[in-house]
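Here's the structure we're looking at; comments come further down.
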Amino acid sequence: MEDCLFCKIVKGEIPSQKVYEDENIYAFKDINPAAPIHVLIIPKKHYNNILDVKEQDTMIYADIFSAINKIAEKLGIQEDGFRIISNCGRDSGQEVMHLHFHLLAGCKMGPKII
Ligand code: 5GP
Ligand code: ZN
């Protein structure tokens, strides 16, 4: 999408610190980390958020969660664990309207971190 920040990151028009990439997925460090490890996992294809992924597109979730598995291994956080969050819509405080999953790790987390 033309004016989408994360689409620009996928295209390399805005720099990012890449953590993982495959055919359909891109993952990079959050610019304003809420935990010692804070990675954003996004589909390369633009969806606004979870509500924008219709039934015919739900295979993207398999790609996202299989990427998360590989990222956890790459970062060596399988044992200590991590948290996955996806904000959707106004009440969640979603700021960037390109579907993304936050991976938070590297500290003990209370019930609310983001
Ligand atoms: P949301 O609130 O939409 O779930 O999260 C958006 C996330 O994107 C925030 O955690 C914010 O720090 C991150 N973010 C916003 N702009 C940029 C950017 O230009 N680069 C990177 N790496 N992260 C960004
Ligand atoms: Zn986008």
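Each reported figure results from applying straightforward, stated rules to the coordinates on display, with no laboratory input. Everything numeric in this text was worked out from a predicted model, so none of it was measured. Cβ sites come from the backbone with ideal geometry, for glycine too, and all protein chains shown count toward neighbours.
Shown for segment 1-74: lysine pairs separated by 8 or more places, or found on different chains, whose C-alpha atoms are under 19 Å apart, numbering 19. As a rough footprinting exposure proxy, the listed residues His102, His46 were ranked by other beta carbons within 10 Å of their own, and the order from fewest upward is His46, His102. Spin-label model, Phe65/Glu23: points 7 Å from Cα along the beta carbon direction are separated by 2.0 nm. Taking label positions 7 Å along the Cα-Cβ direction at both Glu95 and Glu13, the computed distance is 2.0 nm, reported to one decimal. The aspartates and glutamates within cross-link reach of Lys108, meaning a Cα-to-Cα straight distance under 15 Å and a gap of 8 or more places when in the same chain, are Glu79, Asp80. Here the calculated FRET efficiency for Lys45 and Lys108, from their Cβ-Cβ distance with R0 = 35 Å, stands at 0.50, rounded to the nearest 0.05.
Panel values: segment 16-83, Kirkwood radius from alpha carbon pairs, Stokes-Einstein at 20 °C and 1.002 mPa s, translational diffusion coefficient 167 µm²/s. By the Stokes-Einstein formula, at 0.692 mPa s and 37 °C, the chain with its Kirkwood radius over alpha-carbon pairs has D equal to 226 µm²/s.
Please arrange Lys44, Lys108 by counting, for each residue, the other beta carbons lying within 10 Å of its beta carbon, fewest first. If you can, show how the numbers build up before the last one.
Details: Lys44 16, Lys108 7.
With the fewest neighbours first, Lys44, Lys108 line up as Lys108, Lys44.
Would you please state which residues of segment 23-46 a label at Met1 would reach in this model, taking the label point 7 Å out along Cα→Cβ and a backbone N cut-off of under 15 Å? Backbone N within reach: 42-46. The amide H of Cys88, built 1.01 Å from its N in the peptide plane, has Gln94 as neighbours under 5 Å, considering only residues 5 or more places off or on other chains.
In plain terms, the residue of Glu73, Glu79 with the fewest other Cβ atoms within 10 Å comes first and the most crowded comes last, giving Glu79, Glu73.
For the chain, adding -39500 (n - 2.57) for each run of n ≥ 4 DSSP H residues and dividing by the number of residues yields -6500 deg cm²/dmol at 222 nm.
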